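Peer 1: My structure is below; once you've seen it, I'll send some questions.
The values are calculated or read from the model by the stated rules, or taken from the named source; none is laboratory data. This is a predicted model, so every value here is computed, not measured. Because the Cβ atoms are built from the backbone with ideal geometry, glycine has one as well, and the counts that use them run over all protein chains shown. Each accessible area value is taken on the protein alone, full model and side chains, heavy atoms only, with ligands, DNA and RNA left out. Shrake-Rupley method; radii C 1.70, N 1.55, O 1.52, S 1.80 Å.
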Amino acid sequence: MRALCWNGINDLRVETVADPGIVNPHDVILRVTMSTTCGSDLHFIDGYIPTMREGDVIGHEFMGEVVDVGRDVKKVKKGDRVVVPSFICCGNCWYCQHDLYSLCDNTNPKAELQEPLLGYPTAGIYGYTHAFGGYAGAHAQYVRVPHADTDCFLVPEGLKDEQVIFLSDAVPTGYMGADFCNIHPGDTVAVWGCGGVGLMAMKSAFLLGAGRVIGIDRFPERLRMAREKVGAETIDYSRVDSVLDMLKELTGGRGPDACIDAVGMEAHGTGAEYAYDRAKQALHLHSDRGEALRQAIRACRKGGTLSILGVYGVMDKFPIGVIMNKGLTVRTAQQHGQKYLPLLLEHVAKGQLDPSFLATHRFSLEDAPRGYEMFKKKQDGCVRAVFLPN
Amino acid sequence: MADKPQESSAPRSPRATRAAPPRGPSPEWEGRDIETAGVREDRDVEPRGGRATAAGASPGIVEQFASAVLGGALLSIGLGRRSLGGAALALAGGGLLFRSFGGQGHGPILEEPRFDTDRGPYEPEVVAGPRVLERSITIQKPASELYRAWRLAENLTKVMGHFADVTTAGPDVQHWRVQGPLGRSLEWDSHIVEEHPGEFLRWESLKGADVPNDGWVRFRPAPGDWGTVVTLRFRFDPPGGVIGDAVVKLLGAVPDTLASKALRRFKSLVETGEIPTTVPNPAARGGGHSY
Ligand SMILES: NC(=O)c1ccc[n+]([C@@H]2O[C@H](COP(=O)([O-])OP(=O)(O)OC[C@H]3O[C@@H](n4cnc5c(N)ncnc54)[C@H](O)[C@@H]3O)[C@@H](O)[C@H]2O)c1
Ligand SMILES: [Zn+2]
Ligand SMILES: [Zn+2]
């Protein structure tokens, strides 16, 4: 089959690889009908996340049609049209049983790569480094999905692929980030980053009862989406002297009740701290640029909630004392998609949520490297590039 | 191998074929709840009689080590690959060990044992000793069920699959075959020497083993809704002399992560009915496949 493969920093190629087959009894094979780019991919494409190997098939946000079914799969059937969260989860371990799916104990076959850093391994991910299991990704004609009964969600009839594809990753991530904020009716939530994840966090904050949502970014088309598609207020951080002051003024001097980081380790910035981070990251002395996260920590009201969705490595210059003195609650995780998908599919089916506007650009699989290029450089207003592998 | 019924909790009489004279129950087996583990400190700090000891172990280590235990840390019990020729201080009780850094100072090992290279120039000075690997894992199943699963020959074969071909060689006798470098392999038969159904199982290699070894697995209730704590221990005791050196080289095939990986595989098998794997996996190398 054809698949999009990582071959080194900024080197993606579509190549011919073996077809996947059923390996374990709870596996299914999907014919991928649509897959999409995610900001998380940029971190390893740019070389900031280790344990990729040349030739790895990438892609973790996808949907498709079931074409082969393992012997112990009970619910999922051949021909089912399903969407699959990006984390592979067993459904049986203590973590899965407690809705902490991305912490699953049983799906990372290369646990020993993660243990030295994290202490304990997490769940595996499709196409996302060997530390996360080394599973082949979904920018391919076919993909193997383990633990299908836990991880495949039937798509209600009448919904288009574009309406559903982002339920694999961007939507549950954003929703979880808003859920972390313990929103009371009328609360103000500020979101750093108006990419797919940030936009979905903003939409979810409204669904969960926020009174005001403020989106922060510098790309006009993304800020426009935040206003027009989500109903948020926006701040272009490149055009204001101080995001902190802006947020203070917008909230009567109190600060937002909750702040969500949907930016991650490659934050762009304007000040001296950004220059420091950039220099260190370029020298590989540390892996993170934390401008957005530090700003969110300062801007949050006393006793408020900091919800971190952006992916980070082991960051230095992390102002834990600010968090401590302000009594902030910090919530963070990789997405627990399996917890949220039934509800989110219902929202989409009822028309309360339509994430399809994120799909700004469509490509065949053969053109996927160009899709990633546009997504990474945010050319032509690209928010998410979707691929049609078949 | 038959699934052992649960009715008797008395140690089974030793098999006639066993190599060593019968012994009493091993000190590792106690019918205690895991919650009492915090009381272990005085047991853990005593060196086990007769074991090789590391040169220059300071008493402070023992305290550090005990506090790590009390802090609930999972301890890595592996000795470095070359530490078969290296020294270990075995601590009594749960069989807790720490690795000698011969002259480099000591510390509790709270992560995977490091590889050979960081032993540096100190390695050749240390005395030969056994290699012990011990780890614990928590599994969402009752102890009785886990014990029964462990006793199923087909499960053991799967769980050890990353390390050895384990086949049934008779009632309660398993044949182990570990692939070493250059096409050579290490083989032995092992048999059960002590069992307390639902709680504890111990085995030993029979006479003629390429590497004499023994091991045990223990099942104790975990707190709250966590299920059961399973502790697995292997001990490899290569013979001395020239033959011993050759075996030590071959045993390079025993990974430092043997116990933790075996436990992880067992956990996944019993919790989910399968062991996670990416073999085979599509990729643009290895002829279209990789893992
Ligand atoms: N927790 C999870 O499970 C999970 C899942 C998916 C993605 N993520 C992470 O979420 C983050 C966002 O993902 P995405 O797909 O939306 O990425 P994206 O690259 O599409 O969007 C990131 C946005 O952040 C903006 N940004 C950069 N610096 C900023 C700053 N200083 N202030 C405000 N905005 C800034 C960029 O302009 C961009 O629009 C990434 O780090 C990604 O790895 C996490
Ligand atoms: Zn993602
Ligand atoms: Zn699980």
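Peer 1: Through the Karplus equation 6.51 cos²θ - 1.76 cosθ + 1.60, θ set to phi - 60°, convert the phi angles of the stretch A:261-267 into ³J(HN,Hα) values in whole Hz; use x for Gly and Pro.
Peer 2: 8, 10, 10, x, 5, 10, 4
Peer 1: If you don't mind, there's one more thing I want to ask. Mind checking the mean number of beta-carbon atoms from other chains within 10 Å of the Cβ atoms in A:11-19?
Peer 2: On the way: counts 0, 0, 1, 1, 5, 3, 10, 10, 3.
Mean partner shielding for this stretch: 4.
Peer 1: Return the single residue from A:Tyr101, A:Tyr48, A:Tyr135 with maximal mean-square fluctuation; model: Gaussian network over chain A, springs between Cα atoms under 10 Å.
Peer 2: In this elastic network of chain A, the residue with the biggest mean-square fluctuation among A:Tyr101, A:Tyr48, A:Tyr135 is A:Tyr48.
Peer 1: Starting from the Kirkwood Rh over alpha-carbon pairs, what translational D in µm² s⁻¹ does the stretch A:171-332 have by Stokes-Einstein at 25 °C and 0.890 mPa s?
Peer 2: D, rounded to a whole number, is 160 µm²/s.
Peer 1: Now, a different point. Within the stretch A:1-21, name every residue whose backbone N is under 14 Å away from a label modeled 7 Å from Cα of A:Arg370 along the Cβ vector.
Peer 2: A:14
Peer 1: Moving to a separate point now. Say we join alpha carbon atoms closer than 10 Å with springs in a Gaussian network model of chain A; which of A:His98, A:His139, A:His26 then has the biggest fluctuation?
Peer 2: A:His98
Peer 1: Between A:Glu233 and A:Asp149, what is 0.36 nm times their sequence separation minus the Cα-Cα distance? Round to one decimal in nm.
Peer 2: Using 0.36 nm per residue and subtracting the Cα-Cα distance, I get 26.2 nm.
Peer 1: Quick one: what do you get for chain A if you divide its Cα Rg by 2.2 N^0.38 Å?
Peer 2: 0.94
Peer 1: Name the residue from B:Trp216, B:Phe234, B:Gly183 whose Cα lies farthest towards the positive end of the charge dipole of the stretch B:132-291, charges +1 on Cβ of Lys and Arg and -1 on Cβ of Asp and Glu.
Peer 2: It is B:Gly183.
Peer 1: Ok, one more. If I stretch the segment between A:Met315 and A:Val67 completely, what's the gain in nm (0.36 nm per residue apart, minus their alpha carbon distance), one decimal?
Peer 2: Gain on extension, A:Met315 to A:Val67, equals 85.0 nm.
Peer 1: Relative contact order for chain A: what percent, with Cα pairs under 8 Å and sequence separation of 6 or more?
Peer 2: For chain A, the relative contact order is 17 percent.
Peer 1: If you don't mind, another one. For the interface of A with B, what's the total buried accessible surface in square angstrom, probe 1.4 angstrom, rounded to the nearest hundred? Could the numbers behind the result be given before it?
Peer 2: On the way: alone 15870 and 13770 Å², together 26840 Å².
Roughly 2800 Å² of accessible surface disappears when A and B pair.
Peer 1: Let me spell out the model: positive unit charges on the Cβ of Lys and Arg, negative unit charges on the Cβ of Asp and Glu, origin at the Cα centre of the stretch A:171-332. What dipole size does that give, in debye rounded to 20? Each step should come with its number before you reach the end.
Peer 2: Working: 20 positive and 18 negative charges, 35 e Å.
Using only the charged Cβ atoms, the result is roughly 160 debye.
Peer 1: While we're looking at this one, here's another question. With Rg and the Kirkwood Rh both taken from Cα atoms, where does Rg over Rh land for the stretch B:150-291?
Peer 2: Values: Rg = 16.9 Å, Rh = 16.8 Å.
My calculation puts Rg/Rh at 1.01.
Peer 1: Could you check what % of the DSSP bridge pairs in chain A are antiparallel, to the nearest 5?
Peer 2: Values: 30 of 58 bridges.
If I count the DSSP bridges inside chain A, around 50 percent turn out antiparallel.
Peer 1: For every helix of n ≥ 4 consecutive DSSP H residues, a contribution of -39,500 (n - 2.57) applies; sum these over chain A, divide by its total residues, and give [θ] at 222 nm rounded to the nearest 500 deg cm²/dmol.
Peer 2: After summing the helix terms and dividing by the residues of chain A, the value is -8000 deg cm²/dmol.
Peer 1: Distance in nm between label sites at A:Gln97 and A:Asn390, each 7 Å beyond Cα in the beta-carbon direction?
Peer 2: In this crude label model, A:Gln97 to A:Asn390 measures out at 3.6 nm.
Peer 1: What's the center-to-center distance, using Cα atoms, between the stretch B:259-286 and the stretch B:158-188 in Å?
Peer 2: With the stretch B:259-286 and the stretch B:158-188 each reduced to a Cα centre, they are spaced 19 Å.
Peer 1: Sticking with this structure for a sec: What lysines sit close enough to A:Lys280 to cross-link, taking a C-alpha to C-alpha distance under 30 Å and skipping anything fewer than 8 places away on the same chain?
Peer 2: By straight Cα distance, A:Lys280 reaches A:Lys110, A:Lys317, A:Lys326, A:Lys376, A:Lys377, A:Lys378.
Peer 1: Remind me, relative contact order of the stretch A:171-332 in percent, using alpha carbon pairs under 8 angstrom and six or more residues apart?
Peer 2: It rounds to 22 percent for the stretch A:171-332.
Peer 1: Given C-alpha coordinates of the stretch A:1-141, what is the ratio Rg to Rh with the Kirkwood estimate of Rh?
Peer 2: My calculation puts Rg/Rh at 0.96.
Peer 1: Take peptides A:219-230, A:67-78 and line them up by average Cβ neighbours within 10 Å, highest first, as a rough protection proxy.
Peer 2: A:219-230, A:67-78
Peer 1: Build a GNM of chain A with springs between Cα atoms under 10 Å: which of A:Asn106, A:Asn24, A:Asn325 gets the top mean-square fluctuation?
Peer 2: Between A:Asn106, A:Asn24, A:Asn325, it is A:Asn325 that shows the largest mean-square fluctuation.
Peer 1: Over all directions, average the projected area of the Cα convex hull of the stretch A:92-149 and note it in nm².
Peer 2: Numbers: hull surface 16.9 nm².
Mean projected area for the stretch A:92-149: 4.2 nm², to one decimal.
Peer 1: Suppose every K and R has +1 on its Cβ and every D and E has -1 on its Cβ; what is the size of the dipole of chain A about the Cα centre, in Debye to the nearest 20?
Peer 2: Charge dipole, chain A, about its Cα centre: 680 debye, nearest 20.
Peer 1: In square angstrom, rounded to the nearest 10, how much accessible surface does B:Glu134 have for a 1.4 Å probe?
Peer 2: Result for B:Glu134: roughly 10 Å² accessible.
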